[in-house]
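Notes follow the structure.
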Amino acid sequence: MEEILSAEVVVIGGGVIGSAVAFYLSREGAEVLLVEAEDIASGASGACDGFLSLQTKSLGPHLHLALESLGLYRELAGELGPDIEFRQEGGLLLATSQDQMKVLKERAKELADHGVEVELLGISELKSMLPEVGKEVKGGSFCALEAQVNPLALVLRLVERAKEMGARVMTGCRVENIVVANDRVREVHTNSGVIRSRRVVCAAGVGSNEIGHMIIVDVPVLPQKGQILVTEPRDQSLKPIVYAAEYLGAKTGLEALTPGDEVAMKLGLGFTCEQTVSGNFLLGSTREFAGFDRNTTPEGMKAIAANAVRYLPFLGDLDVIRSFAGLRPCSPDGLPILGTVKGVKGFFLATGHSGDGVSLAPVTGKVLADLVLDGKAELDIAPFSLYRFK
């Protein structure tokens, strides 16, 4: 006989967004069942870097969301402990031309208008912070608020803490159908049985459109592959996160910052680098629309390595010990899709973060917990509604 379960709230997806939603719901006393088709953090959350950047965010609601999330990270670091490796050492954005520096100067003014202080650095000032920077670099900007975290450890601790507060977790549990009756969610059918619930949160990442189709709703999320290299460890030498203007161009579409090289354009190549607590360097990254293919490619790895040595030549002396790729859930405008679905009470969306899942996980979890339990969120999430695309 098929097992029938029940839960006050079912959260679909065991990545950083789903785990954050489950955590904040559980903290509010909700009865939560988190279901994951594979394993916890088996998708993009287990194949990404830990950047908590502000300079890369779109001005306005997106940046405001990131600021709120960063504030929540400071609280989470105390509750989840040192395992998540939260460090607020700032972020360096590098420029290789005076034209790029002009863009960074304009952007610094705009960020300041939104409450984010950014310091412009000439080459001598930059070298005092980053002595081993490449010769092509002309300067950059520094934001002291930016931080980093270990994304895999973060997801595991969020889930662990949610379970300690009463949440249940089912891995290898694939959602096959969602039953809606009288315009309300009633049941979630899985390969592990039926779950009766009147509230369902879709945090399924690149699988969100498939989940949406179960309630006859189009959720416009496409997989965007990001490839990353991991080096052997070295003594701690790099405290801030480091990334280049081309990365900002690839991410935001700023034409003045997009790379001119044909291969770089094809791959959506942008330099990113962080040194982990263990001493390894994570080097990225690409932004490729390649379907659901999670494999790294020789072309991508070669381009990342060459780009990394261009910005930080000392990296050329380190061995690459592994590589990985993750599929980011990318929305049409690169911003999250948060909120309710018209005509289906009890169904909520938390997806489409487009590479900002780790950065925005805490605020997404808190906002969705408020929305699910109280019917409204403290923050204005109207700019992230599904219906902005209609």
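The values are calculated or read from the model by the stated rules, or taken from the named source; none is laboratory data. Everything quoted here is computed from the prediction, not taken from an experiment. Cβ coordinates were reconstructed from backbone atoms using ideal geometry, including for glycine residues, and neighbour counts include every protein chain displayed.
From the list 159, 118, which one is modelled with pLDDT of 95 or more, of a type in the set (Val, Ile, Thr) and under 27 Å from residue 22 (Cβ atoms)? Before you say what the answer is, go through the steps one by one.
Details: 118 fails: under 27 Å from residue 22 (Cβ atoms).
Of the residues listed, the single one that is modelled with pLDDT of 95 or more, of a type in the set (Val, Ile, Thr) and under 27 Å from residue 22 (Cβ atoms) is 159.
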Given the conditions (1) part of a loop (DSSP other than H, G, I, E, B); (2) surrounded by 16 or more Cβ atoms within 10 Å (Cβ to Cβ), which single one is not true for residue 251?
(1)
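Counting only residues that are charged (D, E, K, R) and assigned to a loop (DSSP other than H, G, I, E, B), which one in segment 270-312 is nearest to residue 44 (Cα to Cα)?
At the first step, the residues of segment 270-312 found to be charged (D, E, K, R) are 274, 287-288, 293-294, 299, 302, 310.
Next cut, assigned to a loop (DSSP other than H, G, I, E, B) only: 287, 293-294.
Numbers: 287: 13, 293: 12, 294: 10 Å.
Residue satisfying both the conditions and the ranking: 294.
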Pairs only if they're at least six apart or on different chains, beta carbon under 7 angstrom, first in segment 296-311 and outside the structural domain of residue 275 (by TED's automatic domain parsing), second of a type in the set (Val, Ile, Thr) and in a loop (DSSP other than H, G, I, E, B); list them, first residue then second.
none
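Have a look at 121, 104, 152, 158 and point out the one that is farther than 30 Å from residue 46 by Cβ, assigned to a helix (DSSP H, G or I) and out of contact with any His (no Cβ under 7 Å at 6 or more places or on another chain).
Details: 121 fails: assigned to a helix (DSSP H, G or I); 152 fails: farther than 30 Å from residue 46 by Cβ; 158 fails: farther than 30 Å from residue 46 by Cβ.
Only one candidate qualifies: 104.
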How many residues are farther than 12 Å from residue 156 by Cα and of a type in the set (S, T, N, Q) when one looks only at segment 13-27?
1
Does segment 191-214 contain any residue that is surrounded by fewer than 22 Cβ atoms within 10 Å (Cβ to Cβ) and touching a Lys or Arg at 6+ places or on another chain (Cβ under 6 Å)?
yes
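Among the candidates 237, 278, 285, which residue alone is closer than 30 Å to residue 101 by Cβ and surrounded by fewer than 20 Cβ atoms within 10 Å (Cβ to Cβ)? Show your work before the answer.
Numbers: 278 fails: closer than 30 Å to residue 101 by Cβ; 285 fails: surrounded by fewer than 20 Cβ atoms within 10 Å (Cβ to Cβ).
Within the list 237, 278, 285, the selection yields 237.
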I'm checking my understanding of the structure. Among residues of segment 272-312 that are of a type in the set (A, V, I, L, M, F, W, C) and modelled with pLDDT under 95, which one is farthest from the chain's Cα centre (by Cα)?
290
Residues in segment 254-275: is at least one of a type in the set (S, T, N, Q), farther than 19 Å from residue 139 by Cα and touching a residue at least 60 places away in the same chain (Cβ under 8 Å)?
no
Considering residues that are charged (D, E, K, R) and free of Cβ contacts under 8 Å to residues at least 24 places away in the same chain, the number found within segment 312-335 is 1
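So that you can scan it fast, the table gives a plain yes or no per residue for (1) under 20 Å from residue 373 (Cα atoms); (2) crowded, with 20+ Cβ neighbours inside 10 Å:
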{"residue": "29", "(1), (2)": "yes, no"}
{"residue": "42", "(1), (2)": "no, no"}
{"residue": "46", "(1), (2)": "no, no"}
{"residue": "54", "(1), (2)": "no, yes"}
{"residue": "58", "(1), (2)": "no, no"}
{"residue": "96", "(1), (2)": "no, yes"}
